[in-house]
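Since the structure comes first, as structure tokens, the remarks are kept for the end.
The values are calculated or read from the model by the stated rules, or taken from the named source; none is laboratory data. A quick note: this is a predicted structure, and the numbers were derived from the prediction, not measured. Here the Cβ is made from the backbone with ideal geometry for all residues, glycine too, and neighbour counts use every protein chain on show. Side chains included, ligands, DNA and RNA excluded: accessible areas come from the protein's heavy atoms. Shrake-Rupley method; radii C 1.70, N 1.55, O 1.52, S 1.80 Å.
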Amino acid sequence: MKPKQFQKIVSEVRDQSFTEEVQKLRGGENILDCIQCGVCSGSCPARFAMDFSPMQIIKMIHLGMRDQVLSSSTIWICASCYTCATRCPRGIDIPMFMSALKNIAIKNGFASDDEIKPKFHKSFTEIIRKYGRMHEPELKMKLMRKSDLRELYQNAVLAFRLWRKGKVKLLAPRMDQLSHISEIFEDLLEKQEEEASK
Amino acid sequence: MKYAFFPGCAVHASAKEYGMSCKAISKVLGIELIEIPEWNCCGSIDAIYAHNPVLSISLSARNLSLAEKMGTDVITLCSACFFTLSRANKLMHEDPKLKGQVDNVLGNLKLNYNGEIKVRHFLDVLLNDVGLEKISENVKVPLKELRVAPYYGCLLVRPPEIANFDEPEHPTSMDKLMEVLGATNVNYLDKTRCCGASLIVTKERIALEMTKNLLLTAKNAEADCIVTACPMCHFNLDAMQKDVESTFDVDINLPVLYITQVIGIAFGLNVKELGLNRNCVSPMKLLSKLKI
Amino acid sequence: MPREQLRIGVYICHCGGNISDTVDVERVREHIAKLKNVEIAKTYEYVCSNPGQEMIRNDIKKHKLNRIIIAACSPRMHLDTFRQTIETAGLNPYLLEITNLREQCSWVHDDKENATIKATALIHGAVERARNLEPLKPDFLPVKKEVLVIGGGIAGIMTSIELADKGFNVYLVEKEPTIGGHMAQLSKTFPTLDCSQCILTPKMVYVSRHPNIKIFDMAEPISLEGSPGNYKVLIRVKPRFVDKTSCTSCGECAKICPVKKPSKFEEGLLQEKAIYLPFKQAIPNAYVIDKDHCLFLNKGVCRLCERVCKGKAIDFEQKEDIIELNVGAIVVCTGYKQLNVSPFTQYSYGLHPDIITNLQFERLMLQGIHRPSNGKPPRKVAFVLCVGSRSNSDGCAAHCCKIGCMNAIKHSLLLEKAIPDADPWIFYTDVRAHGKGYEEFYSKAREHNVKFIRGRVAEVIPNGDNILVRAEDTLLGMTVEEEFDLVVLSPALLPNTDTSKLAQMLGIDLGPNGFLLERHHKLRPVDSKREGIFMAGCALGPKDIRETTMEAMSTASKVATFLAKGKVTLSPEVAYVLPKKCDGCGVCVEHCPAKAIQIVSSKATIDAISCLGCGVCVPKCPKEAIDLKNCTNEQLMAQIRGVCEENGAAPKIIAFLEKTTAYGSADLAGQSRRSYISNVRIVGVPSTGRVGIKHLLYAFAAGADGIILIEGDDSPFTEEKLREHMIQLKKELGKFGVKSLRLVSTTTTLPQYEKVVNLFETFTERISKIGPIPKEKRAEIMKKLKLEGGSQS
């Protein structure tokens, strides 16, 4: 957990266009409706690991604290378990806008290097593009920090345990209609990237 | 009873025993699950969705369109796939603009989706299509001695506008099934509290802590095993249990069984057929308690 | 009908330079004096002064004037003054027309030439209109000095007492077998901590003994007819199966009754028999048989109660009764109900006996505080606020329950008093301590070390004997996870069951949250939209006992004022039907915002008492079978014709302003000397819904290039209705080949004059770009309209 730094809310840290940006996202439409009751945070099973509670994230969005929101650990720790959204009295789809915030954070380079989650998202997407389905060993390989010997060792132990139980499928999954998947990705991903580069 | 079956990536890999036991009990109960030919990744809850929602929804839609061709609802085993496919179904239904975008993508593949099918979890089928009565008729080995902790987790029962076959806060579907099999449900907290599976790759320590809490509450309630209906939860609770033990220096050793495995045991099916040898935390002691 | 010879007197005011510095009043006078039927035209320094008024009175007598036009300040200023002036001279007050030369002309225009031309046009319009004015008389209806009060909780009790003490006869109708309502169930009241029953029951007894009050228990109104001051209400009285006068409440019947059921009064925490007394001090103090549980009434056997009753009070023959009441006014005091918490499963209500509601806690306090599960005293207690309140989820309440915070504080203090080592925790969203003594009460709770956690409870989970509560302390940013002996939920307050059914029957409105809607949030807070029907207490919205009592008293005062006048004055400015033209199609019924129109034997009939005089129905009638007094089609057309005369600043724009708020807003622009171009000529109308396609076309034909409609923000002709009206009008304009861009509308509040003036300016710009309507086009429209006359200059 990152140490919480004392910060002042001054106009320099606020960017009201960020509030509007989040409002336009799926899940962010009714974010201004939040009454700061804290049900989301009290419900969150991963709250203990977050630097800001989901409720605080919403407040920060209200105030346009773009950088603080996008660099918070919260958005990456949300496990999308939907306990908060099920109970929110204002019907805010918190996991949905957390997903959207991740997207903005990646695009704007907020996800720091030691943050494994963006890498996970990227690798996950690559593998699905390659095979149409998940190939767990390859995902694990992509994410492993090869320099960390301890991590390598731990992963090897886990892999062995899983392999013994027949839980490791070394062969990559195969699809006959892989071209479908390629087309979907070309249609959407590349278009998006093209638009982004413009 | 015939359904289009969406196994999902895990059932083809780390959760083979879920698929095996599902097939085995389906045979007994007369459920015909026809695997969707050429299915692909469900679209992911978050990994692809956060990157590009339309991409994720299009991946879901391809599966839905293939299933629609088969003329039946889609059945999933995995709570995450259940959520992802249902979410895509719901969003396409609510948002015509999105539906148009997805239609374009599908059109290029010479596919189309009319939005006429539902996405359902296998547990829903067991409870509402097969029914408790039929299940109880097939019980050969009543699980009299067994104390189970049914674990629902997150997306099997939430959010209510998507997962609507049970109750989000106090679900009972698995409890009811366990009762029919003769087992005793232990009372324990947090049967719907997230195990952290979606964080296990990226935030391992956090996920393990969440898992640890769950395992300990179930163990303290003197459960013989945890029963789950999701390969993600299972992986976290079962395969990662050793890591939980070593990380937090606790002794747990609590078997985690798929609901289909437990039903199979009660139906008198054999251990191999149910893939019980594939569970990481060995359920053998538990089986011997049941004299199997 | 032969008309009397028209003799119009026109008086143009200098207003001490306010008008005459900008408008050349002498030139205007000269011009107007030449108009047909204008007998006399004068200018005067201050027309509103005593000598000014005297001059008019003398002229009326001397010149036999029968129409008067005052061209001075806004009619909002002196309409009543001048109506009185001419009335004292023997002229009907409705034969007066006021032209606004100050707020809407001299104060807002700098260009003297054009201001003078505009002033002439406005007076010209008034002259045209004045030719068509008719004498009108308000009607009066006598009022019945009896009141029906619906609901016998604290609101109904206090209203009844206040009215009865003032000498009015009151019928108090209560659907339960006893009056008293929720207040009878409470232990103590905040913030004074006095015993609820001790202060309530004397009032109940007072009501029951009052010679002016008659209580109908187990009764409810089922139909309403008549009009304000003269309502006829049918009341259905359900059988009690016990004769109230013979019952001595000895209780022998209940002792022998074999059937048990949960007690409603005890919130289901205790059982009672099928023959029961709701509570010891019930009024009327008589037993009652529960029809759904009585063995005899359901299975035809038993009658044990009948056998033991010494007073022979049991009467299984009792039947439902219908009673007719004739009253002048009605007060609705139907109160609230609590939200059913069971569907909100995160609170686990019903899954553990020690998870209860705050109303159940009241009963527990009175029974001797204990845990329902094991009878032991609860030490650690969680008070969970805002259960289902302030939420937009399905089945929840968007509003605040208003009593939850103080109630939880009260419970905490009572608990600490009863159990010295008790540990109360209050989980709140925002502590609202607005009433008298409430903040101090909150302080007292803090001094008593009541723990306040700022965070809405996430979940309440039964955990063995105890109950786990999870919440975020949002001030600390930490999760609270604590076990409790007892969890007390504060459910949202909702309008009582059947409030909407009752409102529909009475013809009054509900607000968005389902509570009854007041006529005006600030100034008429206890009046319903229907004259003679008033409201008090929680039927209007959540409130505490003090506030309810104050409201009951003010409602009683309003009722008394209404009844004491002895008569209802009916404005003569109402819509009326021309039966020969009406074919009973019913279009008007749909559009009437006051539900004043009914189809009776296939003709529309308008209840003049309910009619608001907005005139919305008039242009909607496909047969032109409706007209509006004092703003008839003839009068309005004539005025349009008049104001379209004279050229002045171009383009010529006619603005129809709803005569209270929108017109007032334009006046305010004048008072603020917000100057604008003099091309806009304002015509006041009861509502912009009064203006139909014919009026627009006539204005275009007569010389207008653009038309503006401005409605008041608080008008019964709502923004939504105006929008629909505009769509219709624009479609029709299209048919006549007039660009829909030539018509614009908006709504305004009184202070938003800047919005009004901006619209004048931007619209002028727009019309200038489009250019004027060609002469031939105007002629063509006029031809199509097939109206005689047209421009008469």
If I ask for residues that are among the acidic types (Asp, Glu) and either under 16 Å from C:Leu148 (Cα atoms) or out of contact with any Phe, Trp or Tyr (no Cβ under 8 Å at 6 or more places or on another chain) (or both), which ones from region C:311-353 would you list?
C:Glu317, C:Glu320, C:Asp321, C:Glu324
If you scan region B:31-65, which residues turn out to be of a type in the set (A, V, I, L, M, F, W, C), more than 7 Å from chain A (Cβ to nearest Cβ) and open to solvent by less than 10 Å² (accessible area, probe 1.4 Å)?
B:Ile36, B:Trp39, B:Ile57, B:Ala61, B:Leu64
Out of (1) assigned to a loop (DSSP other than H, G, I, E, B); (2) open to solvent by less than 20 Å² (accessible area, probe 1.4 Å); (3) in contact with a Pro (Cβ under 9 Å, 6 or more places away or on another chain), the odd one out for C:Phe279 is which?
(3)
When the residues of region B:104-124 are narrowed to those that are free of Cβ contacts under 8 Å to residues at least 60 places away in the same chain, of a type in the set (A, V, I, L, M) and in a helix (DSSP H, G or I), which ends up nearest to the other protein chains (Cβ to nearest Cβ)?
B:Val105
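Residue-by-condition table, conditions (1) part of a helix (DSSP H, G or I); (2) at the interface with another protein chain (Cβ under 8 Å from one of its Cβ atoms); (3) surrounded by fewer than 22 Cβ atoms within 10 Å (Cβ to Cβ):
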position	(1), (2), (3)
A:Pro45	no, yes, no
A:Ile57	yes, no, no
A:Asp67	yes, no, yes
A:Asn103	yes, yes, yes
A:Ile106	yes, yes, yes
A:Gly109	no, no, yes
A:His121	yes, yes, no
A:Ile128	yes, yes, no
A:Met134	no, yes, no
Applying the selection to region C:409-438, what residues are under 36 Å from the mean Cα position of the chain (by Cα), within 30 Å of A:Ile31 (Cα to Cα) and among the aliphatic types (A, V, I, L, M)?
C:Val431, C:Ala433
Does A:Ile35 meet the test of being surrounded by fewer than 23 Cβ atoms within 10 Å (Cβ to Cβ), within 7 Å of another protein chain (Cβ to nearest Cβ) and hydrophobic (A, V, I, L, M, F, W, C)?
yes
Of all residues making up region C:405-418, the number that are under 21 Å from C:Ala539 (Cα atoms) and either touching a Pro at 6+ places or on another chain (Cβ under 8 Å) or surrounded by fewer than 23 Cβ atoms within 10 Å (Cβ to Cβ) (or both)
1
Picking from A:Ser99, A:Ser17, A:Ser72, A:Ser80, the residue that is in a helix (DSSP H, G or I) and in contact with an Asp or Glu (Cβ under 6 Å, 6 or more places away or on another chain) would be A:Ser99
Please identify the pairs in which a residue from region C:719-730 that is closer than 18 Å to C:Val587 by Cβ has its Cβ atom under 6 Å from the Cβ atom of a residue that is part of a helix (DSSP H, G or I) and open to solvent by 20 Å² or more (accessible area, probe 1.4 Å), counting only partners at least 6 apart or on another chain.
C:Leu729/C:Ile693
Region C:473-486 - residue that is within 24 Å of C:Gly350 (Cβ to Cβ) and within 12 Å of chain A (Cβ to nearest Cβ) and, of those, least open to solvent (accessible area, probe 1.4 Å)
C:Val480
I need the full set of residues from region C:387-404 which are open to solvent by 20 Å² or more (accessible area, probe 1.4 Å) and within 14 Å of chain A (Cβ to nearest Cβ), in order please.
C:Arg390, C:Asn392, C:Ser393, C:Asp394, C:Gly395, C:Cys396, C:Ala398, C:His399, C:Cys400
Scope region C:439-450; condition crowded, with 19+ Cβ neighbours inside 10 Å and in contact (Cβ under 8 Å) with a residue 60 or more places away in the chain; matching residues:
C:Phe441
Could you run through region B:108-140 and say how many residues are open to solvent by less than 40 Å² (accessible area, probe 1.4 Å) and either over 27 Å from the mean Cα position of the chain (by Cα) or within 30 Å of B:Val180 (Cβ to Cβ) (or both)?
17
Those residues of region C:427-438 which are open to solvent by less than 20 Å² (accessible area, probe 1.4 Å), within 14 Å of another protein chain (Cβ to nearest Cβ) and not in a loop (DSSP other than H, G, I, E, B) amount to C:Phe427
For the subset of region C:189-202 comprising residues that are touching a Lys or Arg at 6+ places or on another chain (Cβ under 7 Å) and buried (at least 19 other Cβ atoms within 10 Å of the Cβ), which member is nearest to C:Ser249 (Cα to Cα)?
C:Ser196
Given the condition surrounded by fewer than 24 Cβ atoms within 10 Å (Cβ to Cβ) and in a strand (DSSP E or B), answer yes or no: does some residue in region C:507-517 qualify?
yes
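Every residue, every condition in (1) free of Cβ contacts under 8 Å to residues at least 60 places away in the same chain; (2) among the charged types (D, E, K, R); (3) buried (at least 23 other Cβ atoms within 10 Å of the Cβ); (4) in a helix (DSSP H, G or I), yes or no:
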{"position": "C:Pro420", "(1), (2), (3), (4)": "yes, no, no, no"}
{"position": "C:Ile453", "(1), (2), (3), (4)": "yes, no, yes, no"}
{"position": "C:Ala471", "(1), (2), (3), (4)": "yes, no, yes, no"}
{"position": "C:Val488", "(1), (2), (3), (4)": "no, no, yes, no"}
{"position": "C:Thr497", "(1), (2), (3), (4)": "no, no, no, no"}
{"position": "C:Ser500", "(1), (2), (3), (4)": "yes, no, no, yes"}
Scanning for something more than 9 Å from chain A (Cβ to nearest Cβ), at pLDDT 95 or above, part of a strand (DSSP E or B) and surrounded by fewer than 22 Cβ atoms within 10 Å (Cβ to Cβ), does region B:165-172 turn up at least one residue?
no
Just one of B:Thr76, B:Thr72 is touching a residue at least 60 places away in the same chain (Cβ under 8 Å), open to solvent by less than 10 Å² (accessible area, probe 1.4 Å), in contact with a Phe, Trp or Tyr (Cβ under 6 Å, 6 or more places away or on another chain) and within 28 Å of B:Met174 (Cα to Cα); which is it?
B:Thr76
